[in-house]
1. Of the numbered conditions (1) free of Cβ contacts under 8 Å to residues at least 60 places away in the same chain; (2) assigned to a helix (DSSP H, G or I), Phe168 fails exactly one; give the number of that condition.
2. Where in segment 187-283 are the strands (runs of 3 or more DSSP E), entirely inside, with at least 1 residues that are at pLDDT below 95, closer than 30 Å to Arg95 by Cβ and not assigned by TED's automatic domain parsing to the domain that holds Asp145?
3. Criterion first (open to solvent by 60 Å² or more (accessible area, probe 1.4 Å) and within 16 Å of the ligand (Cβ to nearest atom)) does Lys5 satisfy it?
4. Count, please, the residues in segment 8-40 that happen to be on the phi < 0 side of the Ramachandran plot, open to solvent by 10 Å² or more (accessible area, probe 1.4 Å) and not β-branched (Val, Ile, Thr).
5. Please count how many residues of segment 193-244 are open to solvent by 10 Å² or more (accessible area, probe 1.4 Å) and among the hydroxyl-bearing types (Ser, Thr, Tyr).
6. Any idea which residue in segment 154-189 is nearest to the ligand (Cβ to nearest atom), counting only those that are open to solvent by 40 Å² or more (accessible area, probe 1.4 Å) and more than 26 Å from Asp283 (Cα to Cα)?
7. Check Glu43, Glu102, Glu51 and return the single one that is acidic (Asp, Glu) and within 16 Å of the ligand (Cβ to nearest atom).
8. Output the residues belonging to segment 321-367 that are assigned to a loop (DSSP other than H, G, I, E, B), exposed (fewer than 14 other Cβ atoms within 10 Å of the Cβ) and touching an Asp or Glu at 6+ places or on another chain (Cβ under 9 Å).
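The values are calculated or read from the model by the stated rules, or taken from the named source; none is laboratory data. Fair warning: this is a prediction, and the values are worked out from it, not measured in the lab. Backbone-built Cβ (ideal geometry, glycine too); neighbour counts: all protein chains shown. Side chains included, ligands, DNA and RNA excluded: accessible areas come from the protein's heavy atoms. Shrake-Rupley method; radii C 1.70, N 1.55, O 1.52, S 1.80 Å.
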Amino acid sequence: MVAKKKVLVLTGGGDCPGLNAVIRGIVKRAKKEKDWSVIGSMEAFNGILYEPMQLMKLNNKTTAGIHVRGGTILKTTNKGNPFEFPTQNKDGSWRIADQSDELINRIHNLGIEAVINIGGDGSQRISQKLFEKGLNIIGVPKTIDNDVSATDFTFGFRTAVQIATDSFDKLVTTAESHHRVMIMEVMGRDAGWIALHTAIAGGAEVCLIPERPYDINKIVDHINQRYKGGKGFVNIVVAEGARPKGGTATGEQSDEMGYEHQRLRGVAFALSAQLKAAGCQADIRETVLGHTQRGGTPIAFDRILATLFGVKAFEMVLDKEYGYMTSYKNNKITSVSLKSAIGEYNFIKEDDYHIHAAKAIGISFGD
Ligand code: F6P
């Protein structure tokens, strides 16, 4: 029997609804080629670097029905950068070491032809560096934040917006009953897409996003006018990365080994304090949605986009389109070079029509 060619699949960075649908799409498409098999590396590239390695056979049996499930059957990690890999010394202390050569050797020794890396911006930067070192690699973009510029949408984003909108709807009725100002904090890091889409879908009075720093006095005026006009309640959506004019985002430095970054959280409470200090008389309550936005079942759109990306990624392996990433542009599934994909973030532009429409229906950005 002729040995099958092998493709390695992994998921890296934060989880996102739709990851399992990509994995299943790859496996089902590969099955149509009689001479290919699919292997998963657990927890991004860590599965290859662990001693012993942690791999999973990916076939019809292990992936049946997983497109409906959130999370990832391959698990994931934010501490899986092979160029800065947390490695334990003999005395138990830790150091950061470049394990990229070891990783590539191990992948070659396993007889793997190609790698499909499903991950966000950080993961695709790693893909590009490994590609430059000669690894046959293809990227699949994922993130609920929708901040990857080389694709019109990433899967997971619309599920996050749906979850946020469902929560927002619930906060509207309680805001109305109590004549309160309700602040709902959503994710998105430095991009305001989840907040903006949720504000339009839910009918928020105020939407605060990182791309448009706010003036607290303008928000207080907007709240006062609404109360004066007889509508005794206000619903605000605030993106976790939003900040006042001249101010900074709310959060703290996380020093998790191998995942040092600024952790954004708490802007809802900061905003609440700023509103009171600026003279807002209404009762205010805060809700932080947090990781609920990343969990659970992907909505149909995200399952479909993820499946199309999975099929496309495997076909890119067949075509040896290494150094490229799947993309959804102008309603078509296509591919873009990893290099161009990681060059620019997808922030909300000044002239984005969503901003125009949101303002037209009375949503204030406090700017
Ligand atoms: O990038 C996705 C995201 O959910 C961001 O919206 C958020 O800031 C971050 O990840 C949270 O990361 P973690 O799960 O590591 O706290």
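1. Evaluating Phe168 over (1) free of Cβ contacts under 8 Å to residues at least 60 places away in the same chain; (2) assigned to a helix (DSSP H, G or I) leaves (1) as the failure.
2. On the way: elements: 206-208, 234-239, 251-256, 259-264.
Answer list for segment 187-283: 251-256, 259-264.
3. Numbers: open to solvent by 60 Å² or more (accessible area, probe 1.4 Å): yes; within 16 Å of the ligand (Cβ to nearest atom): no.
So Lys5 does not fit the description; no.
4. Counting residues in segment 8-40 that are on the phi < 0 side of the Ramachandran plot, open to solvent by 10 Å² or more (accessible area, probe 1.4 Å) and not β-branched (Val, Ile, Thr) gives 12.
5. Adding up the residues that qualify gives 1.
6. Arg189
7. Working: Glu102 fails: within 16 Å of the ligand (Cβ to nearest atom); Glu51 fails: within 16 Å of the ligand (Cβ to nearest atom).
Step by step, each of Glu43, Glu102, Glu51 is checked, and only Glu43 is acidic (Asp, Glu) and within 16 Å of the ligand (Cβ to nearest atom).
8. First pass over segment 321-367, keeping only residues assigned to a loop (DSSP other than H, G, I, E, B): 321-323, 330-331, 342-344, 346-352, 361-363, 365-367.
Narrowing the set further to residues that are exposed (fewer than 14 other Cβ atoms within 10 Å of the Cβ) leaves 330-331, 343-344, 349-351, 361-362.
Across segment 321-367, the qualifying residues are Asn330, Asn331, Lys349, Glu350, Gly362.
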